[in-house]
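The next block holds one structure in the form of structure tokens; read it before the comments.
The values are calculated or read from the model by the stated rules, or taken from the named source; none is laboratory data. Everything numeric here is computed off the predicted structure, so don't read it as measured data. Quick reminder, even Gly has a Cβ in these numbers, built from the backbone with ideal geometry, and neighbours come from all protein chains shown. With ligands, DNA and RNA removed, areas are computed over all heavy atoms of the protein, side chains included. Shrake-Rupley method; radii C 1.70, N 1.55, O 1.52, S 1.80 Å.
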Amino acid sequence: MACSRCQTLPLSVEARGTLLLTGAVRELIDILIGFLEVEGLAFEDAGLELRLHESNLFEFLQRVRDAKAFNVLERRGLSALLLEPGEPLSFHAFTRARTLEQWLGLLDACGLIEILETKRFVSWFQPILSATDGAVVGYESLLRGLRPDGSLMFPGEIFALAGDNDLLFQVDRQARESALRCAAAEGIASQLFVNFVPTAIYDPVHCLQSTVGWARKLGFDPGRLVFEVVETERVGDFDHLKRILDFYRSAGYRVALDDVGSGYASLNLLATLKPDIIKIDMEIVRGIDADPQRQSVFRALVGIARDLGIQVLAEGVETEAELAYVVGEGTELLQGYLFARPAPKPPEPERNGFWVDPN
């Protein structure tokens, strides 16, 4: 059975039903009644609960925002819940209730909600190269949101809005599916790195079944899919993350940790999780050829990875000098603007003189 948490959106432009409004104290209800009367909205007064039948929550929130009717404390003390037509009021239904302050935050994220509702996520690709000869061994899938006007919403904005408005579950699920669909459409036959957010997964067996199903449907050999943990430094529950990675491995996929080396947490994860690949944070790679401190961290990570049988990928390589250093110190895989920028079609990297045999 699919998880309703990641497949349903908390706010819909189209959905109509019975809108329930309540407040922490009667005084807030009275203020709310005054607003409804001014707006000419019919309601049923049930004491500490007001009911607006045949209502659209999105339209109601727009009225609240446009009228600037409530101060911050009032918005935090008033709550709303939309019941679907014929849906009884139950304890479970209250899991969907939010304060007006929270709902208005979602209204500000309506651009992301529209992308989610219409499934307009797309994936761009950046090549990953072998440090031995510069050959392309795979691509990382990078999320983009396609707005109705054709402009793009980039990951920074997507995940900021998702994090602030409890939309990470929906974004993460659609992002994984977008990566697989777009890669299949582009005929990528090499390794594919697919990002995921561990905190957006309750139970791997349940929450990841749609992703595994898409991979099978699209004919992906599990051996060429690498599921990559993003925000490695923010992982708080190592046991939960280990269960997720174990689930992927049991299905034949490989796993990678992103941004390794930016703090202490990821170092602890290496011995505990033993990922197949670590991606050394671009902040360490940036200017590494002239920075002894970055060099020390890089060498230590490569040494630990080698001892544990983990492949090393240096990400964010932008200069010939950075390339020469990381290859000289033992990285096995490379990624960065020096070779190619992300693009909607898998780009061919610029051939680099580093691998050209002078003879």
### Query
Tell me, what is the Rg over Rh of the stretch 277-359, with Rh the Kirkwood radius over Cα pairs?
0.99
### Task
Collect residues whose amide H, placed 1.01 Å from N in the peptide plane, falls under 5 Å from the amide H of Leu225; neighbours closer than 5 in sequence don't count.
Leu192, Arg254
### Query
Taking every pair of alpha-carbon atoms in the chain, what share in percent sits in each 20 Å bin, from 0 to the bin with the longest distance?
26, 46, 23, 4, 0
### Task
Could you give me the radius of gyration and the Dmax of the stretch 8-62, taking only the C-alpha atoms into account and expressing both in angstrom?
11.6, 33
### Summary
Sorted largest first, the Cα spans of the stretch 8-101 on the principal axes come out in Å as 30, 25, 23
### Query
Which value, in Å², gives the accessible area per residue of the stretch 27-160 when a 1.4 Å probe is used on the protein heavy atoms?
50 Å²
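Quick one: if the Förster radius is 51 Å, what FRET efficiency do Ser250 and Asp30 give, using the C-beta to C-beta distance and rounding to 0.05? Intermediate results must be reported in sequence, preceding the final value.
On the way: r = 58 Å, r/R0 = 1.13.
Calculated value: 0.35.
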### Task
May I ask for log10 I(q)/I(0) of the stretch 81-231 at q = 0.12, 0.16, 0.18 Å⁻¹, from a Debye sum over the Cα atoms as equal point scatterers with solvent left out?
-0.60, -0.96, -1.14
### Task
Using Cα pairs closer than 8 Å and at least 6 residues apart in sequence, work out the relative contact order for the chain, in percent.
14 percent
### Message
In Å and on Cα atoms, what radius of gyration and Dmax does the stretch 89-161 show?
### Response
18.6, 64
### Message
Using 0.36 nm times the number of residues separating Ala185 and Gln209, minus their current alpha carbon distance, what extension gain do you get?
### Response
6.5 nm
### Task
Rounded to whole Hz and in sequence order, give me ³J(HN,Hα) for the stretch 124-137 from the Karplus expression 6.51 cos²θ - 1.76 cosθ + 1.60, θ = phi - 60°, writing x for Gly and Pro.
9, 10, 10, x, 10, 10, 6, 6, 6, 9, x, 6, 6, 10
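What's the ranking of 15-27, 103-115 by average number of surrounding C-beta atoms within 10 Å, highest first?
Values: 15-27: 16.7, 103-115: 19.4.
Listed from highest to lowest mean packing, they are 103-115, 15-27.
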### Query
Could you give me the ³J(HN,Hα) list for the stretch 84-100, computed from phi with Karplus coefficients 6.51, -1.76, 1.60 and θ = phi - 60°, whole Hz, x at Gly and Pro?
5, x, x, 6, x, 6, 10, 4, 5, 4, 5, 5, 8, 6, 9, 6, 4
### Summary
On the accessible surface of the chain, probed at 1.4 Å with all protein chains in place, carbon and sulfur together account for a percent value of 53 percent
### Task
Using amide H atoms built 1.01 Å from N in the peptide plane, name the residues 5+ places from Asn195, or on other chains, whose amide H lies under 5 Å from its own.
Ser141, Glu228
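With an 8 Å Cα cut-off and a minimum separation of 6 or more residues, compute the relative contact order for the stretch 1-143 in percent.
Relative contact order for the stretch 1-143 comes out at 24 percent.
Considering Cα pairs under 8 angstrom that are at least six residues apart, work out the relative contact order of the stretch 1-82 and quote it in whole percent.
Values: 88 pairs, mean separation 36.4, N = 82.
RCO, the stretch 1-82: 44 percent.
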